[in-house]
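**Q** I am attaching a structure below and will ask some questions about it afterwards.
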There are 2 protein chains.
Amino acid sequence: MTAHTLRYYERVGLIQPVGRARNGHRRYSEADEAWLHFLHCMRATSMPIREMQRYAELRELGDATSLERRKILEDHQAGIAGQIVELQQAHALLTHKIANYKMIEERIRITHPVVAEPEVDCELTPVS
Amino acid sequence: MTAHTLRYYERVGLIQPVGRARNGHRRYSEADEAWLHFLHCMRATSMPIREMQRYAELRELGDATSLERRKILEDHQAGIAGQIVELQQAHALLTHKIANYKMIEERIRITHPVVAEPEVDCELTPVS
DNA sequence: GCTTGACTTCGAGCGCGCTTTAAGTTGTAC
DNA sequence: GTACAACTTAAAGCGCGCTCGAAGTCAAGC
């Protein structure tokens, strides 16, 4: 996560204005880091920024929004489950295709065998 | 997959110019459909268009490109495996967070119980 | 004959999520 | 004191993958 990305997340309201050192530089607390880690996980699993904004907004409002926030997470979790299935299917498909390529390569290897080059001076110069 | 997307894929070389009916309309053969299905699977698992273009290009060149094509697929499969792990981790994280929200909601339910409204005319009107 | 609708081409437009640029301030090392 | 690096701001730019719009052609149905 680059500094630029952190600025961006702050700009769009994914993170609240964070603490500053005396010189004005940002100082991220452990709580900030935990929240950023969570954001990172959600992004890495394709949650749209908009949805993360909505979640962050509710989070600011406190426990009363628990239900709605839970719903967001449950929906996203269901999405993740679907993604996993798709990925597993693609993985299986690729296993098949890769096996097929290996067969093709084997066929080529048999049809056009690599003839050994005459290796006249082979082993005449010992490795020191 | 919309018609627009099919045109786009043809434009960028992911599919070869496809057969046409007498009126000029495209007719997709079963082979076309199989290829499109494959493209769809790769896209659904985040293979970039560029890489699909490279693969399609090699495919046009025939069996001699088998090795390189296999490498592309193997790399992508490895990427998929990584994605699956990330998704599973996020799924687990969400399970925890969701459980936590349920606890919070339970706490609220106990602290602010919903007082039963007086239900005076309850059951006086039988359901027909 | 005329409308409707599904296709055709080509080019422009767009939403997302950053990413880069430019210009300015501050603290540290030599 | 002065170079340098690391931060600051605000705004503009960009790559990706579509997505849409405009204008035209064709075939079928009323």
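**Q** Looking only at region B:23-35, which residues are within 14 Å of chain A (Cβ to nearest Cβ) and surrounded by 14 or more Cβ atoms within 10 Å (Cβ to Cβ)?
**A** Our first condition is that a residue be within 14 Å of chain A (Cβ to nearest Cβ); within region B:23-35, this holds for B:34-35.
Selection gives B:W35 alone.
**Q** Regarding B:H76, is this residue within 16 Å of DNA strand D (Cβ to nearest atom), open to solvent by 60 Å² or more (accessible area, probe 1.4 Å) and within 26 Å of the chain's Cα centre (by Cα)?
**A** Details: within 16 Å of DNA strand D (Cβ to nearest atom): yes; open to solvent by 60 Å² or more (accessible area, probe 1.4 Å): no; within 26 Å of the chain's Cα centre (by Cα): yes.
No: the conditions fail for B:H76.
**Q** Residue under question is B:E86, and the condition is that it be touching a Cys at 6+ places or on another chain (Cβ under 9 Å) and more than 8 Å from DNA strand D (Cβ to nearest atom); does it hold?
**A** So B:E86 passes the test.
**Q** Tell me which residues, restricted to region A:44-64, are open to solvent by 20 Å² or more (accessible area, probe 1.4 Å) and free of Cβ contacts under 8 Å to residues at least 24 places away in the same chain. Before the answer, list the steps.
**A** To start, the set of residues in region A:44-64 that are open to solvent by 20 Å² or more (accessible area, probe 1.4 Å) comprises A:44, A:46, A:48-51, A:53-54, A:57, A:59-64.
Within region A:44-64, A:A44, A:P48, A:R50, A:R54, A:R59, A:L61, A:G62, A:D63, A:A64 qualify.
**Q** May I pose another question? If you scan region B:89-119, which residues turn out to be within 23 Å of the chain's Cα centre (by Cα) and open to solvent by 90 Å² or more (accessible area, probe 1.4 Å)?
**A** B:Q89
**Q** Here is a further query. Select from region B:1-20 the residues that are open to solvent by 30 Å² or more (accessible area, probe 1.4 Å) and either within 12 Å of DNA strand D (Cβ to nearest atom) or within 14 Å of chain A (Cβ to nearest Cβ) (or both) and list them in ascending order.
**A** B:M1, B:T2, B:A3, B:H4, B:T5, B:R7, B:Y8, B:E10, B:R11, B:V12, B:R20
**Q** Check A:E105, A:E60, A:E86 and return the single one that is more than 10 Å from chain B (Cβ to nearest Cβ) and acidic (D, E).
**A** Just one listed residue meets the conditions, A:E60.
The values are calculated or read from the model by the stated rules, or taken from the named source; none is laboratory data. None of the values given here were measured: they were computed from a predicted structure. Quick reminder, even Gly has a Cβ in these numbers, built from the backbone with ideal geometry, and neighbours come from all protein chains shown. Protein only, heavy atoms only, side chains kept; ligands, DNA and RNA dropped before computing areas. Shrake-Rupley method; radii C 1.70, N 1.55, O 1.52, S 1.80 Å.
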